[in-house]
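The values are calculated or read from the model by the stated rules, or taken from the named source; none is laboratory data. The model shown is predicted, which means the values in this text are computed figures rather than measured ones. Please note: Cβ atoms are built from the backbone with ideal geometry, for glycine as well, and neighbour counts cover all protein chains shown.
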Amino acid sequence: MKRNFILSCLAALVIALMTPMAHSQDLNQGQTSQQAPAAGQAKPATGQAGQAAAPAVAPPSADERNLYNAIQHEIDPTHQAQMVDDFAKKYPSSQLLSDVYFFGAYAYQSQGNVAKAVEYGEKSVAANGNNLRSLLLLSELLPQPQEMQGSDADKEQKLQEAESDANKALAQIPDLKLPPNTPPDQVTNIKSTISSQAHASLGMVHLQRATMSLTGTDSQELGKAEQEYKAAVAMPKPNPEDYFRLGEAYRMDKKYDDAIDAFTQCSKLSQGNALQGMADNQVTELKKEKSQAPAAAPAPKP
C-alpha cells in the first residue's frame with residue numbers, strides 16, 4: 001500500500017495557498033529565512049537582552065515573483081524540479097526560497113522519488129523552520145518504509161524528526177493564515193485536513209516504533225498509534241488509508257473487533273480500488289484469527 005501524500009492530503013492546502021504572492025510570509029505566517037553574515041562581515045547589532053537583530057532581507061524582485069509563480073503552476077514535475085534548482089542558483093538568499101524548495105519536494109514526490117522529496121523538504125525547512133507544507137510533507141514521508149533504512153539509531157532519528165515536524169504543524173493550525181476571501185467552510189476543511197494529516201503521521205511514527213522493540217511489539221507505542229489514527233479519521237471525510245493503518249495497529253494489539261471495524265470502514269471508503277480488496281482480505285483473515293483465538297479467561301469473582 002502506498003499513500004499518495006501530495007494528491008490526497010495536501011491538495012486542499014496547496015490549492016488554497018497557490019495564489020500569486022509578493023512575499024513568502026503569506027504562506028508561512030510571517031516567517032522568513034534569516035541569512036547568516038558571510039565570512040568577514042561584521043555580526044549584526046544586538047538589541048535589548050543581547051538578542052541579535054534580524055538582518056534585513058531584500059523583498060522579492062518582480063523577476064523572483066514571476067519565476068515563483070511559474071514554478072508553482074508548472075504541471076510537468078520534471079521541468080518543475082529543474083526550475084526549482086535554477087531559481088535556487090539564481091536567488092540563493094530569496095525570501096521565497098523555502099516555498100520554492102517545497103515545490104521541488106512536491107515535484108519529486110509526484111514522481112515517486114521519496115529520497116529526493118525528503119531532501120528538498122529538508123532544504124525548505126532549513127530555509128524556514130515554520131514552512132507548514134514542508135513540515136507536513138516531511139512528517140508524512142520520513143516514517144515510511146522506504147525511509148526506514150539504516151541502523152536503529154538512524155531510524156529513530158528520522159522518527160524523531162517526523163514527530164517534531166508533525167507537532168510543529170499542529171501548533172500552527174489555530175493561527176493559520178489563509179487568503180481573506182477563503183469561504184469559512186473551506187477554512188474549516190483545510191484545518192481539518194492538516195490536523196488529520198499530522199495525526200496520521202504521528203500514528204505512523206508510533207506504529208514504526210512499536211515494531212522496533214527487541215523484546216516484541218511495544219504495546220505502549222501501539223496504544224499511541226491507535227490514538228493518533230483515531231484522531232486522524234475523526235473528520236467529515238477521513239482518508240481510507242488512515243483506517244487501514246488503524247486496523248493494522250488494532251490487529252497487532254489483538255483487538256480483533258476494533259480491527260475488523262477499522263478495515264470495514266476502510267473498505268467502505270475505498271470502493272472500486274485496490275485498497276478495498278486489501279481491507280476485505282484483512283477482515284476475512286481477522287474473523288478466522290478471532291475464531292481460533294483462545295477464549296478470554298473469566299474475570300475473577302470479587
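Structural remarks
- Residue among Glu226, Glu241 that alone is acidic (Asp, Glu), over 17 Å from the mean Cα position of the chain (by Cα) and either at pLDDT below 95 or assigned to a helix (DSSP H, G or I) (or both): Glu226
- Selection status of Asp152, buried (at least 17 other Cβ atoms within 10 Å of the Cβ) and in contact (Cβ under 8 Å) with a residue 40 or more places away in the chain: no
- Breaking point among (1) surrounded by fewer than 18 Cβ atoms within 10 Å (Cβ to Cβ); (2) of a type in the set (D, E, K, R); (3) touching a helix residue (DSSP H, G or I) at 6+ places or on another chain (Cβ under 6 Å), for Lys168: (1)
- Residues (assigned to a helix (DSSP H, G or I), among the aliphatic types (A, V, I, L, M) and touching a residue at least 60 places away in the same chain (Cβ under 8 Å)) located in the stretch 80-103: Leu97
- A Cβ distance below 6 Å, combined with a sequence gap of six or more or placement on separate chains, defines the contacts here; from the stretch 111-122, residues that are among the charged types (D, E, K, R) and surrounded by fewer than 18 Cβ atoms within 10 Å (Cβ to Cβ) reach residues that are at pLDDT 95 or above and in a helix (DSSP H, G or I) in the pairs Lys116/Tyr108.
- Filtered by the rule that a residue be assigned to a helix (DSSP H, G or I), of a type in the set (Ser, Thr, Tyr) and modelled with pLDDT of 90 or more, the stretch 253-302 gives Tyr256, Thr264, Ser267, Thr284.
- Scope the stretch 179-234; condition crowded, with 20+ Cβ neighbours inside 10 Å and hydroxyl-bearing (Ser, Thr, Tyr); matching residues: Thr193, Ser196, Ser201, Tyr229
- Test: Met235 is in contact (Cβ under 8 Å) with a residue 24 or more places away in the chain, within 26 Å of Asn131 (Cα to Cα) and not in a helix (DSSP H, G or I): yes
- Only residues that are of a type in the set (Ser, Thr, Tyr), farther than 21 Å from Gln208 by Cβ and not in a helix (DSSP H, G or I) were counted in the stretch 110-158, giving 0.
- Residue within the stretch 156-164 that is within 22 Å of Phe244 (Cα to Cα) and either out of contact with any Pro (no Cβ under 7 Å at 6 or more places or on another chain) or of a type in the set (D, E, K, R) (or both) present: yes
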